[in-house]
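Please read the structure below before turning to the comments.
Computed from the coordinates by the stated procedures, all read-outs in this text should not be read as laboratory data. Just so we're clear, the structure is a prediction, and the values are computed from it rather than from any experiment. Positions of Cβ are backbone-derived with ideal geometry, glycine not excepted, and every protein chain shown enters the neighbour counts.
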């Protein structure tokens, strides 16, 4: 075979082994948020550290403790170490393996096997440096495998950041629930005290004949209903404490110096920006893209497996019949290049390529699904931000209206114009309005927290 033919064949094989260029799939979401709701924000969430966004000292201390103790975060950190080590193993295949070998061999032959009847024994000492199976990566197969390992490691690192962001948001949400149940507990206890006082008043009126039994039974029923509500709220408060302890990673007392739920703020208007800009900053989306890049690199490595492999084996050593003369004895070396080309392997190499291609299809689908999920989360939370703001204004106005109504009812009852039933109705409605306002305020805080997370906030924590 002529040199020109060999060179042409080498160039042809090299062209077949070229790494294909990765192209990011088009985002399977609209170019703008529905109705541009909330796009008028002032700050990008990805640029705001969680310590700046959550200003309550109690909450800051709880988040910091969580980042130090939470088991999910420890697992995610350990997976990063594991992925880094796996990447190091794959990357090591690109380098030659050098081993030091030292052997000693002593042979003794019995007299019966020696012709002159004399015992025969011999010794041999060897020392060598050997290079075992070093593959010349002409077609980039090992480089592609190394790139796949690197991308998998980066995906794991981004997944750890996603876990951290989710933990920060979950701790904040649980903390707000704890404050909410605390507020409801105080409100319900005050309501129970007032209703017990009203029941005493109605009971005294019944004794003197000024109130009938129907009003008394209704007042007593309201008191018992309030007691049941208080027991349920106290249970919710305990559940909120247990969940917070679970997230933090240990049983902890809420540190002093915190703020009430009305003082939490979170008034920072987070800019939504364009989906193509915001969604690609989320750690879960970045992690999915890194997994896609790893799958792409594995396809290139599977393609290169169809091409010839050149493996080098070499050794350099010394041998002697005596240990003292080992370094003055004769030397020896071996150099053995090996060329292998797969011809028939029962379809194993082709099946590996099919597996790599199928895994890339899966990675593309998972990447697009992650993008769509992220878009839905942000769109829902932007809508919730606008809706809850209107709900809070309406609920606050309703509390003011019900307060005035209760004052009027009490004045009319004192003047003998109406029965005490109207006062009880007014009390029940104002409590319901206060509870609804507290609920909306908590939902507003939770929505702001989740929007901060959905827009990529906290990833730099």
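A few notes on this one:
- Distance between the pseudo-spin-label points of residue 260 and residue 235 (7 Å out from Cα toward the beta carbon): 2.8 nm.
- Taking 0.36 nm per residue of separation and subtracting the current Cα-Cα distance, fully stretching the chain between residue 393 and residue 82 would add 106.9 nm.
- In terms of surrounding Cβ atoms within a 10 Å radius of their Cβ, 56, 212 rank from fewest to most as 212, 56.
- With neighbours defined as other Cβ atoms within 10 Å of a residue's Cβ, the residues 188, 229 order from fewest to most as 229, 188.
- Ranked 207, 177, criterion: other C-beta atoms within 10 Å, fewest first: 207, 177
- Segment residue 190-residue 271, extension gain: residue separation times 0.36 nm, minus the distance between their alpha carbons: 25.1 nm
- Here the extension length gained between residue 414 and residue 130 equals 91.7 nm, from 0.36 nm per residue of separation less the Cα-Cα distance.
- Projected label points at residue 339 and residue 227, each 7 Å from Cα along the beta carbon direction, are separated by 9.6 nanometres.
- Highest average packing first - 190-200, 287-297, Cβ atoms within 10 Å: 287-297, 190-200
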